[in-house]
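Just so you know, all these numbers are worked out from the coordinates, no wet-lab data involved. All figures in this text were calculated on a predicted structure; none of them were measured in a lab. Heads up, the Cβs are rebuilt from the backbone with ideal geometry, glycines too, and the neighbour counts pull from every protein chain shown.
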Amino acid sequence: MAKVEAKKTLEQFDAELKQLFITGQWQYEPLLSQCIGGPKPRGEAYLWPWKIVGEKLAEACDVLEESVTARRSLLFNNPGVPMGGTTHTLLMGIQMIKAGEIAWAHRHTLAAVRFVVKGDGKIFTVVNGEKCPMEPNDLILTPQWTWHDHQNPTRETAMWVDVLDVPSNAGGWEEVWRSLEMVEFFDLDAVSSYVLKLGSALTAARVGFFLEQHREELMVEDKHLEPLRRLRPRQPRYLDTRRKPGKLVAAWNLIVPEDVLGRTWAEVA
Ligand SMILES: [Fe+2]
């Protein structure tokens, strides 16, 4: 693996990866909100040679500090899948954790499988509290919505392949709305004070709109909505980052897609 000499910025590194049809997982957040409409089969044969991937993985260790909580994982974007993804339903990446590092616990609706390339019995992934050693050629499963972290207490670098059921199967705003509606109780004072701390007008409008839509179920009062309303955007903004058209909800200056407004998606059995 090549030794990295010059320190480059993360922005420069991201631009380089793009030329190689690779995306760092840390860039992936906005993509999740674009995965609407279900899977549309597409993609083409493409090879990511280890010579390049190995070098870029080593560089990622250099440019991405451990304090960045996103995984140091390089994700392979098929040039025939413009929305991103290694196939139209799967995203594969290769992840590296340096000696002594921890990739902090998180969870998501995406299930993952991991094939260990470089590791030993002292390196481990924790899945919902269960410690899974990571020896070479091991397969570790992380089912949907299970907490997982990765820990490397050794002096050697660990590396494995991740495969996730993402992105085209993700449900966009329908998934967000349905997930939020499964929460039976919100501490509404905490929600509004957190949104105010974030200081984002768009977030205030999104949260305010959701709370207003669920006023009865969540026992939302004007005192919860007013601080959010004061922070709402001065000009109309799109709920959806891709500017999906919809109707203007004037109370929040928010343009909301018709399916979200009317909750017209199919019933779940
Ligand atoms: Fe994860």
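Please arrange LEU10, LEU90 by how many other C-beta atoms lie within 10 Å of their C-beta, fewest to most. Don't skip to the end; give the middle numbers.
On the way: LEU10 15, LEU90 18.
Final ranking by Cβ density, sparse to dense: LEU10, LEU90.
Could you derive backbone 3J(HN,Hα) for segment 139-156 from the dihedral phi with the Karplus parameters 6.51, -1.76 and 1.60 (θ = phi - 60°), listing whole Hz in sequence and x where the residue is Gly or Pro?
10, 10, 9, 10, x, 3, 6, 9, 5, 8, 9, 10, 10, 10, x, 8, 9, 10
Straight distance only, please: which lysines reach the Cα of LYS122 with their own Cα at less than 23 Å, same-chain residues fewer than 8 apart left out?
Of all the lysines, those that pass the test against LYS122 - Cα under 23 Å, at least 8 places apart if same chain - are LYS98, LYS131.
What's the extension gain from LEU196 to GLN27 if we count 0.36 nm per residue and subtract their Cα-Cα distance? Working shown, then result.
Working: separation 169, 0.36 × 169 = 60.84 nm, distance 2.54 nm.
Extending this stretch completely gives an extra 58.3 nm.
Take every Cα pair under 8 Å in the chain that's 6+ residues apart, average their separations, divide by the length, and report that relative contact order as a whole percent. Walk me through the intermediate numbers first.
Values: 484 pairs, mean separation 42.8, N = 269.
In percent, rounded to a whole number, it is 16.
Which far-off residues, 5 or more places away or on another chain, put their amide H under 5 Å from the one on VAL166, with H placed in the peptide plane?
LEU90, LEU91
How much mean residue ellipticity at 222 nm does the chain get from its helices, if each DSSP H run of length 4 or more adds -39500 (n - 2.57) and you divide by all residues, to the nearest 500 deg cm²/dmol? Can you show the working numbers first?
Details: 9 runs with 81 residues, N = 269.
Computed ellipticity for the chain at 222 nm equals -8500 deg cm²/dmol.
If the limit is 18 Å between Cα atoms, which of LYS56/LYS118; LYS8/LYS118; LYS18/LYS56; LYS7/LYS56; LYS197/LYS247 go over it? Write out the running numbers ahead of the final one.
Numbers: LYS56/LYS118 16 Å; LYS8/LYS118 26 Å; LYS18/LYS56 12 Å; LYS7/LYS56 13 Å; LYS197/LYS247 28 Å.
Over 18 Å apart, Cα to Cα: LYS8/LYS118; LYS197/LYS247.
In nanometres, what is the gap between the two model label sites at TRP145 and LEU188, each 7 Å from Cα along Cα-to-Cβ?
So the label points at TRP145 and LEU188 sit 2.5 nm apart.
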